[in-house]
1. Would you confirm whether or not region 213-221 contains a residue that is crowded, with 16+ Cβ neighbours inside 10 Å and not in a helix (DSSP H, G or I)?
2. Going residue by residue through region 247-257, is there one that turns out to be over 19 Å from residue 132 (Cβ atoms) and either at pLDDT 95 or above or touching a helix residue (DSSP H, G or I) at 6+ places or on another chain (Cβ under 6 Å) (or both)?
3. Give region 183-203 a look and list any residue that's surrounded by fewer than 17 Cβ atoms within 10 Å (Cβ to Cβ) and assigned to a loop (DSSP other than H, G, I, E, B), or say none.
4. Confirm whether residue 210 is surrounded by 17 or more Cβ atoms within 10 Å (Cβ to Cβ), out of contact with any strand residue (DSSP E or B) (no Cβ under 6 Å at 6 or more places or on another chain) and part of a helix (DSSP H, G or I).
5. Could you list, in sequence order, all residues of region 108-124 that are part of a helix (DSSP H, G or I) and touching a strand residue (DSSP E or B) at 6+ places or on another chain (Cβ under 6 Å)?
6. Report whether or not residue 139 is modelled with pLDDT of 95 or more, surrounded by 24 or more Cβ atoms within 10 Å (Cβ to Cβ), within 30 Å of residue 21 (Cα to Cα) and not assigned by TED's automatic domain parsing to the domain that holds residue 65.
7. What's the total number of residues in region 205-218 that are touching a residue at least 12 places away in the same chain (Cβ under 8 Å) and more than 15 Å from residue 175 (Cβ to Cβ)?
């Protein structure tokens with residue numbers, strides 16, 4: 001049976017057509033439009049139709065989308081999609097393709113893909129974090145996706161930290177690509193430190209990462225600060241799950257050691273016992289931009305066979 005897979009993200013929407021053996025036969029993507037849910041979903045469906053061969057119909061559709069979903073097929077709320085609340089995305093896609101739709105949180109499905117086919121293969125427990133526009137996560141325990149009592153686990157981006165000024169901020173507010181861009185703009189406004197970022201029309205996580213890779217001091221400091229917060233978030237997860245492997249994907253992971261070295265320093269400093277740690281603990285994701293497409297296809301195939 002052929003499977004249609006849709007990766008609906010806050011920045012880009014991707015779609016792919018898979019064989020029953022999970023071979024990717026066609027793929028397309030486009031920027032996720034901004035607007036009200038009906039118009040946006042119509043555009044998502046249009047992107048998905050591009051990969052469906054003429055005259056064919058998927059046996060099942062796998063959809064990954066941001067935010068907690070609790071197995072409802074609804075986007076209950078997603079910080080990366082302002083104004084989206086209880087949107088029945090799965091139902092809308094099912095009506096468009098007249099076929100069963102199986103929807104799950106994007107990071108949960110990425111965790112599933114990396115566990116079966118990527119950098120977390122066979123690890124128990126295995127954690128996956130996506131660090132991009134926001135921060136999401138998934139956990140595989142004893143070979144099964146762990147989603148908690150009401151299907152809402154796990155959301156590492158919403159681990160809370162008190163700041164010196166008394167504010168309570170989420171890990172997502174401190175270490176995501178969005179946070180890196182925002183912090184860089186704050187640093188530029190606070191002082192006159194020279195930086196190539198002052199010549200950029202847009203200062204965001206991407207431009208800060210590029211400047212850091214080229215040795216820009218201010219950009220490197222911003223990335224290192226985000227890395228330290230990421231490290232503290234990982235410390236929390238390591239104490240909770242004692243994972244065998246943590247896989248980190250998303251655009252921020254492309255910064256590599258620029259962000260991972262500060263994170264590792266915090267891990268070494270704040271774990272209660274070094275036995276929680278391992279030199280081979282943290283891996284970058286292997287499946288790249290297709291991780292959610294693969295996870296959604298795997299999930300749809302497994303669920304449709306139940």
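The values are calculated or read from the model by the stated rules, or taken from the named source; none is laboratory data. If you're wondering where the values come from, they're calculated on a predicted model, not measured in any experiment. Here the Cβ positions follow ideal geometry from the backbone for every residue, glycine too, while neighbour counts run over all protein chains shown.
1. Within region 213-221, one or more residues are crowded, with 16+ Cβ neighbours inside 10 Å and not in a helix (DSSP H, G or I).
2. Of region 247-257, the ones over 19 Å from residue 132 (Cβ atoms) are none.
Within region 247-257, not a single residue is over 19 Å from residue 132 (Cβ atoms) and either at pLDDT 95 or above or touching a helix residue (DSSP H, G or I) at 6+ places or on another chain (Cβ under 6 Å) (or both).
3. 191, 192, 193, 194, 200, 201, 202
4. Working: surrounded by 17 or more Cβ atoms within 10 Å (Cβ to Cβ): no; out of contact with any strand residue (DSSP E or B) (no Cβ under 6 Å at 6 or more places or on another chain): yes; part of a helix (DSSP H, G or I): yes.
Answer is no for this residue.
5. Filtering region 108-124 for residues part of a helix (DSSP H, G or I) gives 108-117.
Within region 108-124, 108, 109, 110, 111, 112, 114, 115 qualify.
6. Values: modelled with pLDDT of 95 or more: yes; surrounded by 24 or more Cβ atoms within 10 Å (Cβ to Cβ): yes; within 30 Å of residue 21 (Cα to Cα): yes; not assigned by TED's automatic domain parsing to the domain that holds residue 65: yes.
Criteria met by residue 139.
7. Filtering region 205-218 for residues touching a residue at least 12 places away in the same chain (Cβ under 8 Å) gives 205-209, 211-214, 216-218.
From what is left, the residues that are more than 15 Å from residue 175 (Cβ to Cβ) are 206-207, 211, 213-214, 216-218.
The number of residues fulfilling the criteria is 8.
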